[in-house]
Structure formats: structure tokens, C-alpha cells
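Input: a single structure, listed below in C-alpha cells.
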Amino acid sequence: TAFLHGDLQKEIYMQQPQGYEVKGKENLVCRLKKSLYGLKQAPRQWYLKFDRFMTEQGYSRCHSDHCVYFKKLENGSFIILLLYVDDM
């Protein structure tokens, strides 16, 4: 469900899902307002939203692995966050 929270940057349209067609409007398409599971852009859009949030919270992204975020606290200790999302 993580990918359902990504924001789309381009207009994307899809055919009406089978079983949900509107009578008399079967040839019309749907415009997506949010990312949809299975959409090839979904993982990237979700990651961009997550990265923006982490940056706003004061975390830095590791240069060698973009799924590792860290933040140095005032007492000298660190918070390290490892991100892993399995879409299977």
C-alpha cells in the first residue's frame, strides 16, 4: 500500500477497470489523481515523496546508498534509518 501515497507529476489516464465500467460511457477513460499499484511510476513517485519528507525532518541521504538516511543529534549520537520496500 506504500505506493498508493505517491503524487503524480504528469497526467496519466487509464481505461475503466473491468467490472466498473459506467453504462453508456464505456469508451471514456479515467484520469488518475494519485498513484495506483502496478503503475510503473508508482515506486519512484513514492520514493520522491518519502525523500522530501525525510529531508524536511533534517535527515541526510547517504551518498553511497540512497536508501540510508542519517541524522546527527545534538548530544553527538546518530539516528540511522534504512529503507526497504518490497513490491512483490
Q | Local electrostatic count, Val68, Cβ distance below 13 Å [Lys/Arg +1, Asp/Glu -1] | A | 0
(Q) Let me understand the chain better: what is its radius of gyration from the alpha carbons, and its Dmax, in angstrom? (A) 18.4, 65
Q | Positive-end extreme of charge dipole, segment 2-82 - chosen from Leu8, Tyr69, Val29 (charges on Cβ) | A | Val29
Q. Mind checking the dipole of the chain: about its Cα centre, +1 per Lys or Arg Cβ, -1 per Asp or Glu Cβ, Debye to the nearest 20?
A. 260
(Q) Using each residue's phi in segment 8-22, evaluate 6.51 cos²θ - 1.76 cosθ + 1.60 at θ = phi - 60° and report the 3J(HN,Hα) Karplus result to the nearest Hz, with x for Gly and Pro. (A) 8, 9, 10, 6, 10, 10, 9, 5, 5, x, 4, x, 10, 5, 8
Q.
Going by average Cβ density within 10 Å per residue, which order do the peptides 76-83, 20-27, 39-46 take, highest to lowest?
A. 39-46, 76-83, 20-27
Q: Working from Cα positions, state the angle (0 to 90°, nearest 10) between the long axis of helix 42-56 and the longest principal axis of the chain.
A: 40
Q: Please calculate the 1.4 Å probe accessible area of Met14, with all protein chains present, and give it to the nearest 10 Å².
A: 50
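Count the net charge of all other residues whose Cβ sits under 9 Å from the Cβ of Gln16, scoring Lys and Arg as +1 and Asp and Glu as -1.
Details: positive: Lys25; negative: Glu21, Glu26.
Charge balance in the 9 Å sphere: -1.
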Q. So what is the relative contact order for the chain, in percent, with contacts set as C-alpha pairs under 8 Å and at least six apart?
A. 24
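The values are calculated or read from the model by the stated rules, or taken from the named source; none is laboratory data. Only a predicted model underlies this, so the values are computations on that prediction, with no experimental measurement involved. Using ideal geometry, Cβ is built from the backbone for each residue, glycine included, and neighbour counts are taken over all protein chains shown. Side chains included, ligands, DNA and RNA excluded: accessible areas come from the protein's heavy atoms. Shrake-Rupley method; radii C 1.70, N 1.55, O 1.52, S 1.80 Å.
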